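Heads up, the thing below is written out as structure tokens.
Here, each number is a calculation from the coordinates, and none is a lab measurement. Bear in mind the structure is a predicted one, so any value in this text is a computation, not a measurement. Cβ placement follows ideal geometry from the backbone for every residue including glycine, while neighbour counts extend to all protein chains displayed.
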Amino acid sequence: MRKNLNVIAAYSIMMGLIILVGIFQSWNIALSIFNLCLISAVMTMGANIQWGYAGLINFGIMGFTALGGLAAVLISVDPVQEAWSAGGSNILFSLFLIIAMVLAVRYILKNYKKSKNRTYIVAAIIILGIVIIRFISEPGIEAIENVEPAKTGFLGGLGLPIIFSWVVGAFFAGGLAFVIGKVALGLRADYLAIATLLISEIVIAIIKHEDWLTRGVKNVIGLKRPAPYEVNLQQTDWFINLVEKFNSSKLNLISDLTERQTALNQLVIEGSSVFVKLCYSGLFLVVVIILLILTQKALYSPWGRMMRAIRDNEEAANAMGKNVVKQHLLIFILGSAIVGIAGAMLVTQDGLFTPGSYRPLRYTFLIWVMVIVGGSGNNFGAILGGFVVWFLWIEAAPIGLYLVNLTTAGLDDTHFLKVHLIESVPYFRFLMMGVGLLVIMRYRPKGILPEKIEIK
Amino acid sequence: MVNMDFVNAIILLLNYIFVPALAYGSQLALGAIFVTLIYGILRFANFATGDMMSFGTMFVILFTWYFQTVGISLGVFPTALLAIPFAIIFMVGYMLIIDKFVFKYYRTKKSPPVQLAMVSIGVMFVTQAVVRIIIGPSDRRFFDGEKFLIKAGEFKEMTGLNEGLAIKSTQVITIIVTLILVSTLFWFLNKTKTGKSMRAYSDNEDLALLSGIDPKKIVMTTWIIAGILATIGGALYGLDKSFKPFTYFNNMLPIFAAAIVGGIGNPFGAFLGGYVIAFSEILLTYAYRKFFMYVLPESMEPDGLIQLLSTDYKFAVSFSILVIVLLYRPSGIFKGKVL
């Protein structure tokens, strides 16, 4: 108990801050911060597995998040029958051709010795394959995108409950991680960082551009929800009764019947959105707890010990007969898959998929700040980092505004410097993150909750 | 007539591919040399590259505005050229301050390069915040002076061809300034004592220290050169296109690709790498329809755009080149550090 005191203290302070937001701002804001904190926590756990357990830098978190989001669309949206009949066969045939191409290249690489001719043949297959695939897919894509472009213009998905996408998103992200890992994991650490950064940009470019898949920048809105809708809740009896019960003391003060009714209606409307957010919180909390248990178990298992050995001294681990390349690939896939889950969760919560909103600063570098600040190698630290950094990211604007008003209190309200500073309040969050990261890296390089290895 | 078509086709390629790629390549080359110098001498991948460039450009813009309000101008040349030296002073100052308060600690502690790369992300956030707080995130054009050296219409009249060749003065300025800057840099690195000791330090730190080279001086010179490169590279890009902090941040990716393709740690490789990336990005995303309309007889004219890749995929081009180079020549086209 004693040795975990700092963990408990840190989490209690964090929860206290969120509760304070609930009391002083509103429970709606507090809960939406809390939900995004939970999603961030899942992302940081993914990044922490790669960086903290194995020392791999993955700057492609944005790409894996977007793939998770893609999974949410492809699973939950109802299939667009017209689009399928218009161009589905072309797309499926192209998909088949891509698989055939990959298999052919694999076959050649496996069965022939390395030579110039082999390189030329592989290059020829790839170039020819791309030309043929473009030739076949183009009419299909055009036909699909012409099916009611304002509303659909894409193939749609499978029409399943969106919750399945959390698993599928993990598989998507894991699949991409497998491909990247095969190509790039042999590189030195900072090269891997650059390579993953570029790959994630490509993933976003594809999702933005291929309208037949996800409508591209036209966004997909109105995704299905795992939680009830506010409008429906507001008309259900048990919910209205619940709200009445909760607020009975407040409502009893109002004697006038019609006034009482309007007050109750107001409370029901507020309550319904809080209730929906609570549903999400519950779902996310389950994911976070399951992942936390699994990652903690893994950390203290023989496998976790091996990973730490590889991280701390690759050559020694290799000499002990551990397959470093294979383990790196495995951990890269696992971590990315977790990030994929988070991506699907994020789209589930928002109810919409906007490829244009994926920016490396928000989805890659911010997550890294969370991992470093929280404590790399320590799962509790990583989760705490997700909470602290997201909380600051959101509350940076009010804090910045307060500081600006404080420092420029002597100036006139129309003074150009004051006006300019107040306009640029949103950017104080970058400053805060940067300075925070630098300070933590300098004075507490292992994060708020440092890695602790207990030998049991 | 067929002959004329051929000339038209060549002018078309010059106008839409060769000249823009040369200008864009020069801008990337300056950034890539910046990355490669930091990597070779200070030994880390600087993720703040793009934002440092935007920081320098911001000062160029601020000084340009100042000169414009005072009424100083260079006539046909953009005022920004006059502002660059002043901006460089501020930029170098900023870089030396950052080095003193941030990077120096990790250098003297001999932290692994990965940790320095992480620290550079902190610097990236801070620089980005400062740029956005001072000048804002929006798109800014600060070009003034004569816009075109040759206008498309004038060229058509002059030669009687169907295709016009427009050469923007910014493109010419970019190429000339880059050539002057890069040749001075290579002269400095190869002929002067400080330059030679920088190369020695990059090659083998211990040996260089042993032969009495002062590491403090090397580091300071590196930051000063880096500041000059970042400011001029950023200003040229901004003059040619426009200044927007987010675009500069994204430019980091092709710049990194150029540095790695050229062999990281090798300035000459980085210089050529910039052009390799620029030319392949533009060659692969250009729609060749009109070109084929000129070259091929009428019966064989193409229907589609004949575009290999849509322009959205320009990152994909730099990345594919990067992967191919890393798979077949891990040290880059020109031998850099073996990784």
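Given the convex hull over the Cα atoms of segment A:80-155, what projected area results after averaging over all orientations, in nm²? It would help to have the intermediate numbers written out before the result.
Values: hull surface 21.2 nm².
Hull-based average projected area comes out at 5.3 nm².
Relative to the longest principal axis of the Cα atoms of chain B, the long axis of helix B:49-70 lies at roughly 70 degrees. The Cα-based radius of gyration and maximum Cα-Cα distance (Dmax) for the protein assembly as shown are 28.7, 96 Å.
Here, P(r) means the percent of Cα pairs in each 10 Å bin from 0 to the largest distance; for segment B:136-274 it is 10, 29, 29, 20, 8, 3, 1.
Using the membrane-span-like helix rule (whole DSSP H runs, Cα extent along the own axis of at least 18 Å, mean Kyte-Doolittle hydropathy at least -0.5), which helices of chain A qualify? Provide the component values of the computation, followed by the final result.
Working: long enough: A:5-24 (28 Å, 2.31); A:27-48 (30 Å, 1.34); A:61-76 (23 Å, 2.00); A:89-111 (33 Å, 1.66); A:116-145 (42 Å, 1.11); A:164-184 (30 Å, 1.73); A:189-209 (30 Å, 1.57); A:257-299 (60 Å, 1.23); A:324-350 (39 Å, 1.47); A:379-407 (38 Å, 1.43); A:428-443 (22 Å, 1.53).
Helices meeting the span and hydropathy rule in chain A are A:5-24, A:27-48, A:61-76, A:89-111, A:116-145, A:164-184, A:189-209, A:257-299, A:324-350, A:379-407, A:428-443.
Taking other C-beta atoms within 10 angstrom as a stand-in for reagent exposure, B:Y237, A:Y11 fall in the order A:Y11, B:Y237, fewest first. Distance between the pseudo-spin-label points of B:Q307 and B:K151 (7 Å out from Cα toward the beta carbon): 2.8 nm.
Dividing the convex hull volume of the alpha-carbon atoms in segment B:126-217 by its residue count gives 205 Å³ per residue. Here segment B:5-75 and segment A:296-358 have alpha carbon centers that stand 38 Å from each other. Relative to the longest principal axis of the Cα atoms of chain B, the long axis of helix B:314-328 makes an angle of roughly 60 degrees.
Using the Kirkwood radius built from alpha carbon pairs, what does the Stokes-Einstein equation give as D for segment A:150-194 at 10 °C and 1.306 mPa s, in µm² per second?
Values: Rh = 13.3 Å.
Estimated diffusion coefficient is 119 µm²/s.
Take the Cα of B:T194, go 7 Å toward its beta carbon, and the backbone nitrogen atoms of segment B:215-249 under 18 Å from that spot belong to B:215-232.
For segment A:1-123, a Kirkwood radius taken over Cα pairs fed into Stokes-Einstein (10 °C, viscosity 1.306 mPa s) yields D = 78 µm²/s. Taken over segment B:2-328, the percentage of Cα pairs per 10 Å bin, counting from 0 up to the bin with the maximum distance, is 6, 24, 31, 23, 11, 4, 1, 0. Counting only other chain Cβ atoms within 10 Å of each residue's Cβ, the peptide B:316-323 averages 4.
Apply 1/(1 + (r/R0)^6) to the Cβ-Cβ distance of A:V435 and B:L82, taking R0 = 45 Å, and write down the FRET efficiency to the nearest 0.05.
Details: r = 34 Å, r/R0 = 0.76.
It comes to 0.85.
The stretch between A:A263 and A:A409, if pulled fully straight at 0.36 nm per residue, gains 48.6 nm over its current Cα-Cα span. Within the listed set B:L62, B:L181, B:L209, the residue fluctuating most in the Gaussian network model of chain B (springs between alpha-carbon atoms under 10 angstrom) is B:L209. Computed about the Cα centre, the dipole magnitude for segment A:80-155 is approximately 940 debye when only Lys and Arg (+1) and Asp and Glu (-1) carry charge, each at its Cβ.
Note on chain A: helix-only mean residue ellipticity at 222 nm, from DSSP H runs of 4+ residues weighted -39500 (n - 2.57) and normalised by residue number, equals -24000 deg cm²/dmol. Any idea what % of Cα-Cα pairs in segment A:256-347 are farther than 19 Å? Summing the P(r) tail past 19 Å for segment A:256-347 gives 62 percent. Between B:I89 and A:F135, the distance separating the two model label sites (each 7 Å from Cα on the Cα→Cβ line) works out to 6.4 nm. Averaged over peptide B:238-250, the number of partner chain Cβ atoms lying within 10 Å of each residue's Cβ comes to 1. Distance between the modelled labels on A:K151 and B:M4, one decimal in nanometres: 5.3 nm (7 Å Cα→Cβ projection). Excluding same-chain neighbours fewer than eight residues apart, the aspartates and glutamates reachable from B:K168 by a Cα-Cα span under 18 Å are B:D144, B:E146, B:E154, B:E157, B:D240.
Each peptide in A:103-114, B:246-257, B:46-57 receives the mean, over its residues, of other Cβ atoms within 10 Å, and ordering these scores from highest gives B:46-57, B:246-257, A:103-114. The C-alpha radius of gyration of chain A, expressed as a fraction of 2.2 N^0.38 Å, stands at 1.13.
Could you state the orientation-averaged shadow area of the convex hull built on the Cα atoms of segment A:312-456, in nm² to one decimal? It would help to have the intermediate numbers written out before the result.
Working: hull surface 52.5 nm².
Answer in nm², one decimal: 13.1.
Here the calculated FRET efficiency for B:R141 and A:S26, from their Cβ-Cβ distance with R0 = 45 Å, stands at 0.60, rounded to the nearest 0.05.
For chain B, the longest principal axis of the alpha carbon atoms and the long axis of helix B:267-285 meet at an angle near 30°.
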